[in-house]
1. Output the residues belonging to the range 61-93 that are among the basic types (Lys, Arg), open to solvent by 70 Å² or more (accessible area, probe 1.4 Å) and modelled with pLDDT of 95 or more.
2. Mind checking which residues of the range 263-308 are in a loop (DSSP other than H, G, I, E, B) and either in contact (Cβ under 8 Å) with a residue 24 or more places away in the chain or in contact with a Leu (Cβ under 7 Å, 6 or more places away or on another chain) (or both)?
3. Answer with yes or no whether VAL118 is of a type in the set (Val, Ile, Thr) and open to solvent by less than 10 Å² (accessible area, probe 1.4 Å).
4. Take the residues of the range 164-191 that are in a loop (DSSP other than H, G, I, E, B) and out of contact with any Pro (no Cβ under 8 Å at 6 or more places or on another chain): which is most open to solvent (accessible area, probe 1.4 Å)?
5. Which members of the range 157-189 meet the condition of being at pLDDT 95 or above and aliphatic (A, V, I, L, M)?
6. Residue check: is VAL82 of a type in the set (A, V, I, L, M) and touching a Gly at 6+ places or on another chain (Cβ under 7 Å)?
7. Residues to consider are ALA329, ALA283; find the one that is touching a helix residue (DSSP H, G or I) at 6+ places or on another chain (Cβ under 6 Å) and of a type in the set (Gly, Ala, Ser).
8. Which residues, taken from the range 125-160, are of a type in the set (S, T, N, Q), outside any helix (DSSP H, G or I) and crowded, with 21+ Cβ neighbours inside 10 Å?
Amino acid sequence: MRIFKKLGLSLGLAAAALAPTLPSVAAEVTTLRFSQWLPPGHYIVTEMFEPWAKEVEKVTEGRVKVEFINALGKPQAHLDLVRNGVADLGMSVHSYTANRFPLIEFAELPFTTDDGGVNSVAYWRTYEKFMMDAGEHKGVKLMGMWTSPATVIFTSREEVNSIDDLKGLKLRSPSPLFDAIGKALGIVTVNAPASDSYEMLSRGVIDGMYFQYDQLENWKLDKLIKTTVSVPGGFGKSSQYLFMNERKWKSLSEQDRAAIEKVSGEWIAKDFGSKWQAAEQKAIEKQTAAGLKTVRIEGEALEQLKQRLAFVEQDWLKAAEKKKVDGPAALAYFREQIKELSAAKQ
């Protein structure tokens, strides 16, 4: 008996000594399915979404991962796909369903800033301060918003030398904002997502489009475009957003939600916006060196253009009033943020 007691004691001590070295039960991992409709090699995917996914995994210590899957629907359908839980995460362009988002158009106004990074951070701060409670993104968790750099007009025509030379041309328009600008300038607008640009331009369905320089190569348009028309601050911007199914978001632990918040919101605006701006600058230099003709509207012609397009801001102020948002205060804050952020970069 004494032997068995000693043996039991010895086995117990051995088990205790070995216990710390035994593998612990693996922590549960939540995988978020991101329905991705952009081309896999598009730099928005490789330089923005994929690095963000790695940040999410890092800040949650591996408990939350993002899996990119093939698109489960058209770009404009992604808000509802995510809202209904078909996918956990998605990205879209606000203007693809513009009637749902009248308030975001202040960030797309013309003549504000050429810098997409500056515009994106000013956008997020303003929207968060004045409009986050307006319910525009009801049903999803808004992870972040950002805008493109300044939008220019590209055309396959070489003989364009002024704003008036755009009259009668058919341009692909991504939103009601650009529809309105086009109408004021005598342009025929054709609504279509970016993914349709090449086919429409190559077949002569359109004569050009509102876009950014970096998108020429991304959508293989660089060989088709002959002339660029630009204005200081751009003809507008393109607002885009990243969102998560609300139920999926709430299913995450409080700890992981707090961690992900640190790499969302303004973090996304700054990271995505500044990366897009850097890509735009490289594209401008490359396209200019390749001989792309650029018509820059300045001086008296610019002042006249601003007067012709002044209604765009007034229309937004009316939309903001309907939503019970202090439009004048929001625009003043937005422009002050642009001024401060621009000065900080110098």
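The values are calculated or read from the model by the stated rules, or taken from the named source; none is laboratory data. Please read these numbers as outputs of a predicted model, since none were measured by experiment. Quick reminder, even Gly has a Cβ in these numbers, built from the backbone with ideal geometry, and neighbours come from all protein chains shown. Each accessible area value is taken on the protein alone, full model and side chains, heavy atoms only, with ligands, DNA and RNA left out. Shrake-Rupley method; radii C 1.70, N 1.55, O 1.52, S 1.80 Å.
1. Scanning the range 61-93 gives a single hit, LYS65.
2. Correct list: VAL263, SER264, GLY265, ALA290, LEU292, ILE297, GLU298.
3. yes
4. The extreme case among them is LYS167.
5. If the condition is that a residue be at pLDDT 95 or above and aliphatic (A, V, I, L, M), then VAL160, ILE163, LEU166, LEU169, LEU171, ALA180, ILE181, ALA184, LEU185, ILE187, VAL188 are the ones that fit.
6. Yes; evaluated as a whole, the condition is true for this residue.
7. Exactly one of ALA329, ALA283 is touching a helix residue (DSSP H, G or I) at 6+ places or on another chain (Cβ under 6 Å) and of a type in the set (Gly, Ala, Ser), namely ALA283.
8. THR147, SER148, THR151, THR155 - these are the residues of the range 125-160 that are of a type in the set (S, T, N, Q), outside any helix (DSSP H, G or I) and crowded, with 21+ Cβ neighbours inside 10 Å.
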